[in-house]
Every structure is written in structure tokens, then in C-alpha cells.
């Protein structure tokens, strides 16, 4: 328990950079899930998996872009600056 606590609240630059990389990898997984959902939806004409809700598709596309740009790219680049 103390190692998780000390790692989470560390002021060491290497620990912070590692924490950023771990968070970026989690963002990669979430962004990839959104990307796969978008690609599955676009495999054929019409609406397949989002139950006819075009607003949900727009939300998924926006969330995918937001996660990839602001969480994955930013945190990977910033973790390289720290490390």
C-alpha cells in the first residue's frame, strides 16, 4: 500500500513521467475502443450497431478525437519531456 501511495503522490520526475505514460496507455486503449466502434458502424450502409441514433455516433467520434488528442498525444509527449 505504501509503494502505491508513494508512487502516486511522488514529486520525482521519473515517477511522474512513468505515471503519464501509464495514463497515456490507458487512453490508447479507450481511444482504440472508440475507433473500433466507429469502424464497425461504418462497415455497411445505414445504421448497424448504434440502434439508429445518429447523435450517439457523433458523440463517439467526438470522444475518440478528444481522447486521442488531449489524453494520448499530450501525455505521451509530456512524459517524454519529463523523463
Hey, fewest Cβ within 10 Å first, where do 11, 62 land in order?
11, 62
If the elastic network links every pair of Cα atoms under 10 Å, which of 17, 44, 31 fluctuates the most in the Gaussian network model of the chain?
44
Where is the GNM fluctuation largest for the chain (alpha-carbon springs, 10 angstrom cutoff): 26, 71, 34?
26
When the chain is treated as a GNM, springs tying every alpha-carbon pair under 10 Å, which of 20, 57, 49 comes out with the largest mean-square fluctuation?
49
Per-q log10 I(q)/I(0), the chain, q = 0.26 Å⁻¹ (Debye; single scatterer per alpha-carbon; no solvent):
-1.13
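FYI, it's all coordinate maths here, none of it is from the lab. Remember, predicted model here, so these are calculated numbers, not experimental data. Cβ sites come from the backbone with ideal geometry, for glycine too, and all protein chains shown count toward neighbours.
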